[in-house]
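None of the figures in this text is laboratory data; all of them are computed from the coordinates on show. Only a predicted model underlies this, so the values are computations on that prediction, with no experimental measurement involved. Backbone-built Cβ (ideal geometry, glycine too); neighbour counts: all protein chains shown.
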């Protein structure tokens, strides 16, 4: 579920950055350009990674390290 929820802000932030920078690359309409494809995937991947980290910070499981303490003491032999 976290991957689907993280996909939504990553998609919109990528579209926003490309709109602000006036960057356009349509993989299936434009001629293949490896540089533009790399930029497209990298920007989306960056925002997706950040969105997953934010999701984990707010909604992830909190790890609690507990140490089991024994109340019985053993007698040491001398």
How high is the FRET efficiency between residue 1 and residue 46 when r is their beta carbon distance and R₀ equals 22 Å, given to the nearest 0.05? 0.55
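Please state the relative contact order of segment 2-59 as a whole percent: Cα pairs under 8 Å, 6+ residues apart?
Details: 29 pairs, mean separation 34.8, N = 58.
Worked out over segment 2-59, it gives 60 percent.
Can you work out the FRET efficiency for the pair residue 58 and residue 21, with r the C-beta to C-beta distance and R0 = 30 Å, to the nearest 0.05? Write out the running numbers ahead of the final one.
Details: r = 29 Å, r/R0 = 0.96.
Computed FRET efficiency for residue 58 and residue 21: 0.55.
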